[in-house]
Amino acid sequence: MRTYEYHHVIGFEETNLVGNVYYVNHLRWQGRCREMFLHDLAPDVLQALENGLALVTIRCSCEYLSELFAFDHIIVRMSLGALTQSRITLQFEYWRVKGQQETLAARGEQQVACMQREGEQMRAVPVPPSLREALRQYEA
Ligand code: SSV
């Protein structure tokens with residue numbers, strides 16, 4: 001299965017008193033990963049977000065398997081879990097890289113609904129064609 005990779009080196013700002021990564025950061029990296037995907041592969045969708053398109057996160061989760069620490073190099077690997085008319089399910093694996101060795105540190109999932117803002121209201125709309133096209137190569 002093809003994955004989209006986001007690389008990250010953990011900084012002190014992401015760790016807690018005990019020295020390991022505070023759990024909220026894993027969700028931030030899900031966000032960083034998906035926005036870089038749009039920036040790289042469907043930049044017109046970023047433009048559309050300024051014109052009333054809303055990509056609404058309707059759920060997200062993370063399963064924590066092992067601790068991460070400052071200066072750990074991690075790769076977040078994102079793949080497409082499911083694609084419907086207006087919803088995208090993204091799956092994430094968080095790998096810690098040390099030399100040649102990679103360890104799975106966490107897993108996550110989130111679902112995004114494509115909607116259009118209309119005044120105060122929002123209505124579901126199809127996944128934008130350019131995004132659907134970009135997603136094709138990441139189908140599980
Ligand atoms: C500002 C805002 O609302 C941003 C939302 C971003 C949503 C991005 C969705 C990207 C989906 C990428 C899927 C890739 C699967 C391999």
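Worth pointing out:
- Cα extents for the range 1-70 along the principal axes, largest to smallest and rounded to whole angstrom: 43, 25, 22.
- Ranked by the mean number of other Cβ atoms within 10 Å of their residues, highest first, the peptides 81-92, 15-26 come out as 81-92, 15-26.
- Between helix 24-41 and the chain: long-axis angle, C-alpha atoms, 0 to 90°, nearest 10: 50 degrees
- Summed over qualifying helices (DSSP H, 4 residues or more, each -39500 (n - 2.57)) and divided by its residue number, the chain shows a 222 nm mean residue ellipticity of -7000 deg cm²/dmol.
- Rg over Rh [alpha-carbon atoms, Kirkwood Rh] for the chain: 1.01
- In sequence order, the range 63-74 has phi-based couplings of 10, 9, 9, 8, 5, 10, 9, 3, 6, 5, 8, 10 Hz under the Karplus curve 6.51 cos²θ - 1.76 cosθ + 1.60, θ = phi - 60°, and Gly or Pro positions carry x.
- Where GluC sites (Glu not before Pro) fall in DSSP loop in the range 48-98, at most 16 other Cβ within 10 Å: 50, 67
- Integer Hz, Karplus 6.51/-1.76/1.60 couplings in order for the range 114-121, x for Gly and Pro: 8, 9, 10, 6, 9, x, 7, 9
- Per atom type, the chain shows carbon and sulfur on 51% of its accessible surface, probed at 1.4 Å.
- Take the range 17-91 with all the other protein chains still there, run a 1.4 Å probe, and you get 55 Å² of accessible area per residue.
The values are calculated or read from the model by the stated rules, or taken from the named source; none is laboratory data. What you are looking at is a predicted structure, and each value in this text was computed from that prediction instead of being measured. So basically every Cβ, Gly included, is an ideal-geometry build from the backbone, and we count neighbours across all protein chains shown. Remember, those area values only see protein heavy atoms, side chains included, never the ligands or the DNA or RNA. Shrake-Rupley method; radii C 1.70, N 1.55, O 1.52, S 1.80 Å.
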